[in-house]
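Working notes for the structure below.
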Amino acid sequence: CDDSWAIEAHFIAPDARHSITITKETVTIRDMTSGKIVNRFVLRVPAEDPDDIQVASSYDNKIIALATKKQVSFWEPSTGQKIKELPEDDEGTGEMFGFSPDGQIFVYGGASNENKINVIRYMSQKEVLLLEETFPYFAISPDSKTIASINAEKNLVLTSLADTDAEPVVGEDSIEDNLTSGDDFGLVFSPDGSKIALYGPNGVTLFDCKTA
């Protein structure tokens, strides 16, 4: 049986106008209104297990990031060309990754990466900061100036991306009761950036970003 067309990943692009489908050999981008194919290009990403391929898109849908267990590569959907790739990481690329809303920051890491979250400048690939002993969940504020994460003590932490020398804001109360494992858990900022929601099977908890 030829499984080259088996879908490995499918998601809605952040622009909410396109869907992106990844198979073992192709990337297909469709217009969600008409259902027509906008672009399809051949993609070959070496992976020990194709099920481990993860996908993220920039907010303007101009860049797609693909991650295997050990490497992240960046592709241009309009041309199907690989733009760049990060050096292989024997510790693993992690379970969570994505772009900041302004497209300048790329974040990757998580449990398989020894609970480290790497924050880099996308274009230069220079490290902005490294969040260690952190759960594999994060969110970036709408203005791309703050990253939210959860530390080893299970507190919500807000770290400035605009001024990495600034002291992080650490929540006073442990959120251990809200933490569960699984894909249905995460962090998300409100559209105005004033609050952050911790969601999971146990419900949703809102935090004020000024106090975490």
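The values are calculated or read from the model by the stated rules, or taken from the named source; none is laboratory data. Here the structure is a predicted model, which means the values were calculated and not measured. Glycine also receives a Cβ, built like all others from the backbone with ideal geometry; neighbour counts cover every protein chain displayed.
Per-structure values
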quantity	calculated
Filter result for residue 188 (among the aliphatic types (A, V, I, L, M), at pLDDT 80 or above, over 25 Å from residue 14 (Cα atoms) and out of contact with any His (no Cβ under 9 Å at 6 or more places or on another chain))	no
Residue list for the range 87-119, filter: surrounded by fewer than 20 Cβ atoms within 10 Å (Cβ to Cβ), within 23 Å of residue 62 (Cα to Cα) and at pLDDT below 80	87, 95
Tally of residues being closer than 16 Å to residue 104 by Cβ and among the aliphatic types (A, V, I, L, M) across the range 140-171	4
